[in-house]
1. Which one, A57, A144, A22, has the greatest fluctuation when you compute a Gaussian network model over the chain with C-alpha springs under 10 angstrom?
2. Counting Lys and Arg as +1 and Asp and Glu as -1, each charge on the Cβ, what is the dipole of the range 1-156 about the Cα centre in debye, to the nearest 20?
3. Positive end of the dipole of the range 96-187, charges at C-beta (+1 Lys, Arg; -1 Asp, Glu), about the Cα centre: which of A158, V127, T147 has its Cα farthest in that direction?
4. For R74, what charge total do you get from the other residues with a beta carbon under 15 Å from its beta carbon, if Lys and Arg give +1 and Asp and Glu give -1?
5. When we measure straight from the Cα of K118, which aspartates and glutamates land under 12 angstrom away, once same-chain ones fewer than 8 places off are left out?
6. Counting Lys and Arg as +1 and Asp and Glu as -1, each charge on the Cβ, what is the dipole of the range 160-200 about the Cα centre in debye, to the nearest 20?
7. Count the net charge of all other residues whose Cβ sits under 13 Å from the Cβ of A96, scoring Lys and Arg as +1 and Asp and Glu as -1.
8. Remind me, relative contact order of the chain in percent, using alpha carbon pairs under 8 angstrom and six or more residues apart?
Amino acid sequence: MKIFIVYCHPCQDSFTCKVKEAFLKGLTDAGHTYEISDLYAMKFEPVFSESEYRREAFYSTALPVPSDVLEEQRKISNADIIVFIYPVFWTECPAALTGWFQRVWTYGFAYGADSTMKLLEKAIFLVTMGGSMSDTVRQEQINAMKTVMVGDRIHNRAKSSEMIVFDEMTRGYGNDENRNERIRKFTEQAYHIGLTLEGE
């Protein structure tokens, strides 16, 4: 299968990066092919230009779609499955990924009566967070994120969607030993997700 990964983390020395690398190894070992957009590495522009705003606000397909956005849409069109890998920043994905959705989900492609975006087999979110999913507030935060990411941004653009959370990854606060063990456990899980990935 063809997988498109949208990866968003500003630091290569991070657990999120380890998740990405383990997942990619699983994909490779399973014989899948993939493309990846590393939003920080490619310096993807997350901010609407005035022209882009006018195109979306007035549903005007006469205004051009920028070339960097067209490239991301090409990657989507070539994929069977899309995977987002990112950390939780204040109950949200990093700003670069929010901007990716705002710019790439264009009128005529991702929405509108004659939208051309293909129906993907699956959308997967691999999300890292410092807090613990045993805490009610963290469960509420993830549910809010699911509403935004799965309910709105993916919505009916994939046959199925799944969000997998790798929690308790904070540094310090007496969590270092637990964190090291969870790195081992979660990178194995990310590898297995890539290795066993299937469409609907």
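We did not get these values from a lab; they are worked out from the coordinates using the rules stated. The model shown is predicted, which means the values in this text are computed figures rather than measured ones. No Cβ is skipped: glycine too gets one built from the backbone with ideal geometry, and neighbour counts run over all protein chains shown.
1. Its mean-square fluctuation being the largest, the pick is A57.
2. Details: 15 positive and 19 negative charges, 40 e Å.
For this selection, approximately 200 debye.
3. Positive-end residue among those listed: A158.
4. On the way: positive: K2, K75, R103, K118; negative: E35, D68, E71, E72, D80.
Result for the local shell: -1.
5. Qualifying aspartates and glutamates at Cα under 12 Å: D80.
6. On the way: 5 positive and 9 negative charges, 47 e Å.
Using Cβ point charges on Lys, Arg, Asp and Glu, the range 160-200 gives about 220 debye.
7. Working: positive: K43, R103; negative: D38, E45, D68, E72, E92.
Counting the neighbours of A96, the net charge comes to -3.
8. Details: 325 pairs, mean separation 58.5, N = 200.
The value is 29 percent.
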